[in-house]
1. Can you tell me which of A76, A89, A59 is part of a helix (DSSP H, G or I), within 27 Å of S124 (Cα to Cα), of a type in the set (A, V, I, L, M, F, W, C) and open to solvent by 30 Å² or more (accessible area, probe 1.4 Å)?
2. Residues of the range 203-219 being within 22 Å of G298 (Cβ to Cβ), of a type outside the set (A, V, I, L, M, F, W, C) and over 12 Å from the mean Cα position of the chain (by Cα), which ones?
3. Cβ contacts < 8 Å: first residue open to solvent by 80 Å² or more (accessible area, probe 1.4 Å), restricted to the range 284-300; second residue modelled with pLDDT of 80 or more, any location; separation 6+ or different chain. Result?
4. Scan the range 125-158 residue by residue and report those that are open to solvent by less than 70 Å² (accessible area, probe 1.4 Å), part of a loop (DSSP other than H, G, I, E, B) and in contact (Cβ under 8 Å) with a residue 40 or more places away in the chain.
5. Take A127 and decide whether it is touching a strand residue (DSSP E or B) at 6+ places or on another chain (Cβ under 7 Å), over 19 Å from A233 (Cα atoms) and small (G, A, S).
6. Report whether or not L240 is within 24 Å of A288 (Cα to Cα) and outside any helix (DSSP H, G or I).
7. Would you mind stating whether S177 is modelled with pLDDT of 95 or more, open to solvent by 30 Å² or more (accessible area, probe 1.4 Å) and of a type in the set (S, T, Y)?
8. Counting only residues that are in contact with a Phe, Trp or Tyr (Cβ under 8 Å, 6 or more places away or on another chain) and of a type in the set (A, V, I, L, M, F, W, C), which one in the range 159-174 is most open to solvent (accessible area, probe 1.4 Å)?
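The values are calculated or read from the model by the stated rules, or taken from the named source; none is laboratory data. Since this is a predicted model, take the numbers as computed values, not measurements. Positions of Cβ are backbone-derived with ideal geometry, glycine not excepted, and every protein chain shown enters the neighbour counts. Protein only, heavy atoms only, side chains kept; ligands, DNA and RNA dropped before computing areas. Shrake-Rupley method; radii C 1.70, N 1.55, O 1.52, S 1.80 Å.
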Amino acid sequence: MTGRPMAFRFFEVMSQRLCPACLSQRLKPFAAAQPEHLLRCLQCGLVFECRTPSDQELADYYRHYSYSRLKPCSSATQASFRRVLESLAPWQGQGRLLDLGCGQGDFLVAAAAAHWRPAGMEFSQDAVALCRQRGLEVLQGANASSAFFGKHFDVVTAFEVLEHLRTPGDLLRDAASLLMPGGLLYLTTPNFNTLLRHVECDAFQMLCSPEHLCFFTPASLRRLAVRHGFRVAAMRTTGLDPWRLKKALRLGNPLRTNDSGAPPSAVDPLNALREAAHTRRRVALLKASVNSLVNAFGAGDTLKAWLVKV
């Protein structure tokens, strides 16, 4: 029915929703930012979009992600991959590693160089084609447990994937079915408790439907992990975008990422800072100090979790 007030339509939608992580009906509007679009689960703490995009809407949106050619992987990103792989070494076992949402396969290349036996899963056919041109074992699709049925891995990784999923528990369920007993799931996802959410307020750049659908904090990710049979070996938050922080504090209401999903203007200087931290000792020490501080308060931009299959 047309002409209904926004608040009425919102509560009508809310009454029909379940939490995508724990299936609870105990939901309430999340009033801290965009209350007309966000719900918080009172049982597990997940904040999520009440608007569920269709398969076609998601396909239309993700067409702007281009995998027509191989893009360069920065030296800072390669160094970050090496640090991640060092943290995974205690679970290396037979060396079988599966990267979910592997993109053009840069992490798989780094894993192979570190003597892993990597494989990948990617939804984009163009990205799969690029990976195969690089000699990588990558399958196309969204259901890893079916695609790799009968295979087992020592480690499963998923970089910045969980927040894009309508039902994020599917990823953990797939990982649990494919991991060896005692195997590791390594996840990264934006941290909803980041300091930037509190200073950017309604202009918080993570809120960009239909790209981001679920918003995790350390507590809500921990509950999701336990629900799907994982033990949290480690969890921390890292990173803080200084340009976004400066802009928010100066202007009070910085501009949001545009509707096309293009990255904010701070991305280029942020990458330059990452490169400087990779090559200059003083910058690296400053970055490490900031990471220690934001991790102590759980306020970093990125949430990282090492989850062991029970």
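1. Values: A76 fails: open to solvent by 30 Å² or more (accessible area, probe 1.4 Å); A89 fails: within 27 Å of S124 (Cα to Cα).
Sole residue among the options that is part of a helix (DSSP H, G or I), within 27 Å of S124 (Cα to Cα), of a type in the set (A, V, I, L, M, F, W, C) and open to solvent by 30 Å² or more (accessible area, probe 1.4 Å): A59.
2. Q205, P218
3. F297/L195
4. Selection gives F148 alone.
5. Numbers: touching a strand residue (DSSP E or B) at 6+ places or on another chain (Cβ under 7 Å): no; over 19 Å from A233 (Cα atoms): yes; small (G, A, S): yes.
Here the answer is no, as A127 does not meet what is asked.
6. In short, yes.
7. Details: modelled with pLDDT of 95 or more: yes; open to solvent by 30 Å² or more (accessible area, probe 1.4 Å): yes; of a type in the set (S, T, Y): yes.
Yes: the conditions hold for S177.
8. F159
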